[in-house]
Amino acid sequence: METVQNFINGQITTSNSQRFSPIFNPATGEQTGQVVLSDELETAAAITSAELAFPRWAKTSPLKRSRVMFAFKALLEANKDALARLISNEHGKVFSDAIGEITRGLEVVEYACGIPHLQKGEHSANVGTGVDSHSLMQPLGVCVGITPFNFPAMVPMWMFPVAIATGNTFVLKPSEKDPSLALQLAAMLKEAGLPDGVFNVVNGDKQAVDVLLTDHRVQAVSFVGSTPIAEYIYSTASANGKRCQALGGAKNHCLLMPDADLDMATNAIMGAAYGSAGERCMALSVVVAVGDETADQLIGKLKTQIQAMRVGPGIVDGIENDMGPVITAQHKAKICDFISEGETQGASLLVDGRSLTIDGYEAGYFVGPTLFDNVSPEMTIYQEEIFGPVLAIVRVPNYQTALELINRNEYGNGTAIFTRDGETAREFSENVLAGMVGVNVPIPVPMAFHSFGGWKRSIFGPLNVHGSDGVRFYTRMKTVTSRWPASVRLEEHGSSFTMPTM
């Protein structure tokens with residue numbers, strides 16, 4: 001059985017740990033390997049590798065760092081299909097969704113390629129008599145990324161390309177549920193010319209995480225996961241003097257107005273609710289329908305489309321499925337418990353995905369698309385992030401009630417409105433309490449040159465990921481104010497007739 005190890009100082013390192021976590025193919029339920037759970041010493045060794053590599057990498061010119069990113073980008077593009085198949089086999093998402101994930105991560109790499117421009121400071125001449133001021137955006141040192149299972153490529157690439165391009169070194173702790181892709185990324189960075197030690201991968205659980213959060217050599221921590229863990233990461237890292245951005249959970253609401261293009265909205269809601277089996281922090285899990293007629297029409301269209309959905313393994317021959325399995329047997333059981341609780345608490349279960357079985361994949365972790373109507377805010381399925389293919393419909397009488405309902409929710413990651421009315425869309429965009437807003441766009445994930453991040457209990461820390469916030473997070477500003485005394489000028493200089501280069 002293959003064991004996924006660590007990547008430290010430019011090479012795969014065999015762990016001395018005797019603790020392992022199994023890796024499963026979610027479509028078949030079969031164990032395909034295991035991953036080492038590193039101890040404190042191995043985790044510290046990854047930090048040491050990054051620490052030793054930092055001084056030289058920090059002094060490497062932004063242009064040379066950019067060229068490594070360009071080479072890494074080319075390798076990602078050349079190996080996209082193979083990487084997507086690896087994601088599909090370990091995570092379970094369908095192949096095209098895995099391709100989409102890599103593409104969104106690749107966009108951040110492309111953004112990081114522009115670091116010579118992005119990391120430029122500022123300059124002011126003559127702030128005083130004979131005095132100039134300029135600012136430097138300098139790297140922090142050793143940075144850490146702790147990433148979730150649902151996007152084993154995209155979320156790490158939200159972090160390390162910007163961190164490395166700005167001159168930091170990096171230690172990635174991926175999810176133990178689908179860790180193999182992280183080692184592929186590490187090998188490709190090395191092939192792209194990244195010096196040994198600049199990027200390291202340490203696999204593990206809370207034992208490794210706590211070392212990363214408390215070691216004094218770590219300067220910054222980036223995290224994506226559930227809100228309780230995000231709060232723990234942020235409080236622990238901050239208490240140990242580290243800069244931290246910790247992105248937590250979500251309960252993303254979609255506001256459906258009576259004037260919306262219902263066919264377009266239905267198609268968008270289907271993909272946003274059931275794509276990737278609902279295992280997305282930007283999934284739409286609640287539709288707030290204004291008026292009973294709006295809700296009834298939407299339900300009719302949703303049920304028709306749900307019945308036509310193809311659910312099965314992520315990698316198949318021929319026609320691709322629409323939705324794959326969820327990540328583990330334990331997560332499947334948790335989702336089914338939520339569905340049962342919704343029934344018990346009085347929601348109308350219109351489509352039940354608990355009994356779904358796939359011929360030839362009976363042991364897979366499949367949950368079918370599930371649809372609830374008449375959901376109210378006190379119900380568990382409304383309050384909790386289910387992280388599965390469960391869509392709840394809440395009926396409200398008017399726009400203002402809908403807006404107040406959304407704004408009362410403890411999460412504020414993303415939201416969307418479907419309407420033909422520009423005034424309503426503009427008013428909603430200004431007044432909704434969420435960090436990312438879609439107008440007739442179901443999953444408003446910003447492009448890499450903008451920043452991703454929610455509000456309220458969906459994020460802990462002042463700076464979001466990638467975009468301009470990402471560059472600010474991984475650098476610190478130094479302002480230099482200078483005056484030069486009169487000196488003897490050198491009037492004679494040697495001549496050079498070649499093009500100046502770096």
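Under 19 Å of direct C-alpha separation, and excluding same-chain neighbours fewer than eight residues apart, Lys303 reaches these aspartates and glutamates: Asp261, Asp263, Asp292, Glu293, Asp322, Glu343, Asp352, Asp373. Take the alpha carbon gyration tensor of the stretch 395-502, find the square roots of its eigenvalues, order them as a ≥ b ≥ c, and report rounded if a/c is under 1.5; if not, report prolate when a/b exceeds b/c, else oblate. Here the stretch 395-502 falls in the prolate category. The average projected area of the stretch 34-184, computed from the convex hull of its Cα atoms over all directions, is 10.6 nm².
A straight chain from Glu320 to Arg19 at 0.36 nm per residue would run longer than the Cα-Cα distance by 104.7 nm. In this rough spin-label picture, where each label sits 7 Å from Cα along the Cβ direction, the Ala329-Thr3 distance is 2.3 nm.
Rolled with a 1.4 Å probe across the full set of protein chains, the surface gives Lys303 an accessible area near 80 Å². Per-residue extension of 0.36 nm, minus the Cα-Cα distance of Asp205 and Lys303, leaves a gain of 31.2 nm for this segment. In the chain, the longest principal axis of the Cα atoms and the axis of helix 180-191 are about 30 degrees apart.
Taking every pair of Cα atoms in the stretch 337-396, average 1/r, invert it to obtain the Kirkwood radius, and report Rg/Rh to two decimals.
Details: Rg = 12.3 Å, Rh = 12.1 Å.
That ratio is 1.02, to two decimals.
Here the Karplus relation 6.51 cos²θ - 1.76 cosθ + 1.60, evaluated at θ = phi - 60°, turns the backbone of the stretch 96-112 into coupling constants of 5, 5, 5, 4, x, 4, 4, 4, 5, x, 4, 5, 5, 4, 4, 4, 5 Hz, with x for every Gly and Pro. Here the label points at Met499 and Thr401, each 7 Å from Cα along the C-beta direction, are separated by 6.9 nm in the simple model.
Here Lys478 is the anchor, and the lysines within straight C-alpha reach of less than 26 Å, apart from those fewer than 8 places off in the same chain, are Lys59, Lys64, Lys120, Lys242.
In this label model, Arg56 and Gln345 are separated by 5.6 nm, measuring between points 7 Å along each Cα→Cβ vector.
Once a ≥ b ≥ c are taken as the square roots of the eigenvalues of the Cα gyration tensor of the stretch 5-85, is the result rounded (a/c under 1.5), prolate (a/b larger than b/c) or oblate (a/b not larger than b/c)?
On the way: a/c = 4.26, a/b = 1.28, b/c = 3.32.
Oblate.
Starting from the Cα gyration tensor of the stretch 320-465, take the square roots of the eigenvalues, sort them a ≥ b ≥ c, and report rounded, prolate or oblate (rounded when a/c is under 1.5, otherwise prolate if a/b is larger than b/c, else oblate). Please report the intermediate quantities before stating the final value.
Working: a/c = 1.95, a/b = 1.49, b/c = 1.31.
It is prolate, given that a/c is not under 1.5 and a/b is the larger ratio.
For Lys93, the lysines whose Cα comes closer than 19 Å to its Cα, not counting residues fewer than 8 places off in the same chain, are Lys80, Lys177, Lys332, Lys334. Which parts of the stretch 315-331 would a label at Thr357 reach, counting a residue when its backbone N lies under 16 Å from a point 7 Å out along Cα-to-Cβ? Of the residues in the stretch 315-331, none has backbone N under 16 Å from the label point off Thr357. Taken along its three principal axes, the alpha carbon spread of the stretch 196-313 comes to 59, 33, 23 Å, from the longest extent down to the shortest.
Equivalent-ellipsoid semi-axes (√(5λ), Cα gyration tensor) for the stretch 100-248, whole Å, largest first?
Numbers: eigenvalues 176, 79, 38 Å².
Values for the stretch 100-248, descending: 30, 20, 14 Å.
Using only alpha-carbon positions in the stretch 112-158, the gyration tensor eigenvalues give semi-axes of 38, 12, 7 Å once each is multiplied by 5 and square-rooted (largest first). Whole-percent P(r), the stretch 212-253, all Cα pairs, 10 Å bins from 0: 34, 48, 14, 4, 0.
When both the stretch 153-194 and the stretch 344-387 are represented by their alpha-carbon centers, they are found 35 Å apart. Remark: the Glu110-Asp81 segment gains 8.6 nm on full extension, using 0.36 nm per residue and subtracting the alpha carbon distance.
Pairwise Cα separations in the stretch 69-116 fall into 5 Å bins from 0 onward with the following percentages, short to long: 5, 23, 28, 20, 13, 7, 2, 1. Each principal axis of the Cα atoms in the stretch 362-432 has its own extent, and those three values, largest first, are 50, 25, 22 angstrom. Reported value for the chain: 183 Å³ per residue, from the convex hull of its C-alpha atoms.
The values are calculated or read from the model by the stated rules, or taken from the named source; none is laboratory data. In this text, all values refer to a predicted model and were calculated from it rather than measured experimentally. All Cβ positions, even for glycine, are placed from backbone atoms using ideal geometry, and neighbour counts span all protein chains on display. Please note that ligands, DNA and RNA were not included when accessible areas were found on the heavy atoms of the full protein model with its side chains. Shrake-Rupley method; radii C 1.70, N 1.55, O 1.52, S 1.80 Å.
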